[in-house]
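Chemist: Sharing a structure, written as structure tokens. Questions coming.
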Amino acid sequence: NAGVTQTPKFQVLKTGQSMTLQCAQDMNHEYMSWYRQDPGMGLRLIHYSVGAGITDQGEVPNGYNVSRSTTEDFPLRLLSAAPSQTSVYFCASSYSVWDGNTIYFGEGSWLTVV
Amino acid sequence: DAKTTQPNSMESNEEEPVHLPCNHSTISGTDYIHWYRQLPSQGPEYVIHGLTSNVNNRMASLAIAEDRKSSTLILHRATLRDAAVYYCILRYNYGQNFVFGPGTRLSVLP
């Protein structure tokens with residue numbers, strides 16, 4: 001079982017560049033989300049989606065865009081990278097956000113902006 | 001919003017039980033209590049969750065206080081692979097997102 005797959009695992013960007021972090025899940029989950037984790041801190045929600053065509057902002061959405069054209073994929077776009085976006089990014093999914101179901105996380109994408 | 005409070009860090013000896021506490025005094029009646037853990041350089045993984053009754057699974061047990069204002073994650077026999085950050089999370093509204101605090105860093109000593 002692939003579960004939640006994130007690519008790339010590591011990336012170095014220059015300030016001002018744009019890029020897309022890819023996230024795919026093969027569990028037919030409705031709910032997908034992106035978190036960022038800064039050193040020594042917990043995870044903070046960036047954007048989430050409760051189904052194809054539906055997205056919403058989380059706690060720290062500025063500087064990021066998302067779209068959900070299919071159930072499987074939930075890419076995260078950095079529009080103009082800044083050093084403050086240096087972080088580890090985790091994609092997550094669950095069957096539904098409307099109950100206590102388990103959330104499954106990807107292995108993370110380490111992003112450095114110089 | 002209901003919040004959780006956990007100790008920043010705890011230590012345990014290998015093969016001994018570990019009790020990880022979590023306070024959530026403002027929990028509401030529909031909030032599930034979830035525990036996740038994050039091993040070094042990995043994404044968080046599900047450990048256990050419950051609503052009112054104590055819960056057991058192959059990884060751990062969850063003891064929930066009668067008033068639900070606190071809970072304890074119990075690892076029955078700690079191994080070195082259990083060294084991780086453990087997060088206690090409330091699903092603070094039906095249908096809302098998970099909110100992660102800083103968690104408890106568990107060190108397991110051989």
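The values are calculated or read from the model by the stated rules, or taken from the named source; none is laboratory data. Everything numeric in this text was worked out from a predicted model, so none of it was measured. Glycine gets a Cβ as well: all are built from the backbone with ideal geometry, and neighbour counts include every protein chain shown. Quick note on the areas: whole protein, heavy atoms, side chains included, nothing else; ligands and nucleic acids left out. Shrake-Rupley method; radii C 1.70, N 1.55, O 1.52, S 1.80 Å.
Chemist: Compute from the Cα atoms of chain B the Rg and the Dmax, the latter being the longest Cα-Cα distance, and quote both in angstrom.
Modeler: 13.2, 41
Chemist: Once the Cα gyration tensor of the protein assembly as shown is diagonalised, what are the square roots of 5 times its eigenvalues, in whole Å and ordered largest first, as equivalent ellipsoid semi-axes? It would help to have the intermediate numbers written out before the result.
Modeler: Numbers: eigenvalues 182, 82, 48 Å².
The three semi-axes for the protein assembly as shown are 30, 20, 15 Å.
Chemist: Relative contact order for chain B: what percent, with Cα pairs under 8 Å and sequence separation of 6 or more?
Modeler: On the way: 272 pairs, mean separation 40.0, N = 110.
Relative contact order, chain B: 36 percent.
Chemist: Here is a further query. What is segment A:16-83's relative contact order, in percent, from Cα pairs under 8 angstrom and six or more apart in sequence? Show your work: numbers first, answer last.
Modeler: Values: 139 pairs, mean separation 26.0, N = 68.
Result for segment A:16-83 is 38 percent.
Chemist: Still on this structure: Under a crude label model (7 Å from the Cα following the beta-carbon direction), how far is residue A:107 from residue B:13 in nanometres?
Modeler: Each label point lies 7 Å from its Cα, and together they span 3.6 nm.
Chemist: Taking 22 Å as R0, compute the FRET efficiency from the Cβ-Cβ separation of residue B:23 and residue A:60 and round it to 0.05. Don't jump to the answer; show the numbers that get you there.
Modeler: Working: r = 26 Å, r/R0 = 1.16.
Here the calculated transfer efficiency is 0.30.
Chemist: While we're on this one: Give the interface area between chains B and A as buried accessible surface, both sides summed, probe 1.4 Å, in Å² to the nearest 100.
Modeler: Buried area between the two chains comes out at roughly 1600 Å².
Chemist: With a 1.4 Å probe and all protein chains in place, put B:49, A:47 in order of accessible area, largest first. Walk me through the numbers before you get to the answer.
Modeler: Numbers: B:49 50, A:47 15 Å².
Listed by decreasing accessible area, they come as B:49, A:47.
Chemist: Counting other Cβ atoms within 10 Å, which chymotrypsin sites (Phe, Trp or Tyr not before Pro) in segment B:21-110 have at most 14 and lie in a DSSP loop?
Modeler: On the way: sites: B:32, B:35, B:36, B:46, B:86, B:87, B:92, B:94, B:98, B:100; in loops: B:32, B:92, B:94, B:98, B:100.
Sparse-neighbourhood loop chymotrypsin sites (Phe, Trp or Tyr not before Pro): B:94.
Chemist: Normalise the Cα radius of gyration of segment A:1-113 by 2.2 N^0.38 Å (N = residues in it) and let me know the number.
Modeler: Values: Rg = 13.2 Å, N = 113, 2.2 N^0.38 = 13.3 Å.
Relative to the 2.2 N^0.38 Å estimate, segment A:1-113 comes out at 0.99.
Chemist: Report for chain A the percent antiparallel among DSSP-assigned beta bridges with both residues inside it, nearest 5. Show your work: numbers first, answer last.
Modeler: Working: 32 of 36 bridges.
Close to 90 percent.
Chemist: Given Cα pairs under 8 Å that are at least 6 residues apart, what percent is the relative contact order of segment B:49-110?
Modeler: Taking the mean separation of contacting Cα pairs over the length of segment B:49-110, I get 23 percent.
Chemist: Just in segment B:58-110: which trypsin sites (Lys or Arg not before Pro) are loop by DSSP and have at most 15 other Cβ atoms within 10 Å? Write down the numbers at each step before the final one.
Modeler: Working: sites: B:58, B:68, B:69, B:77, B:81, B:91, B:105; in loops: B:58, B:68, B:69, B:77, B:91.
Passing both the DSSP loop test and the Cβ count: B:58, B:69, B:77.
Chemist: Moving on to the next point. Calculate the spin-label point distance for residue A:18 paired with residue A:80, positioning each point 7 Å from the Cα along the beta-carbon direction, and give it in nanometres.
Modeler: 1.1
Chemist: Go through segment B:6-110 and name the GluC sites (Glu not before Pro) that are in a DSSP coil and have 16 or fewer other Cβ atoms within 10 Å of their Cβ.
Modeler: Numbers: sites: B:11, B:14, B:15, B:45, B:66; in loops: B:14, B:15, B:66.
Passing both the DSSP loop test and the Cβ count: B:14, B:15, B:66.
Chemist: With a 1.4 Å probe and all protein chains in place, put A:41, A:19, A:27, A:32 in order of accessible area, largest first.
Modeler: Ranking A:41, A:19, A:27, A:32 by accessible area, largest first, yields A:41, A:27, A:19, A:32.
Chemist: Among all the aspartates and glutamates, which ones have a C-alpha under 12 Å from residue A:9's C-alpha, if same-chain residues fewer than 8 places away are not counted?
Modeler: A:107
Chemist: Run the reach check for residue B:69 against aspartates and glutamates, Cα to Cα strictly under 16 Å, same-chain hits fewer than 8 apart removed. What comes back?
Modeler: B:1, B:31
Chemist: Next question. Rounded to the nearest 10 Å², what accessible area does residue B:39 have for a 1.4 Å probe in the complete protein model?
Modeler: 40
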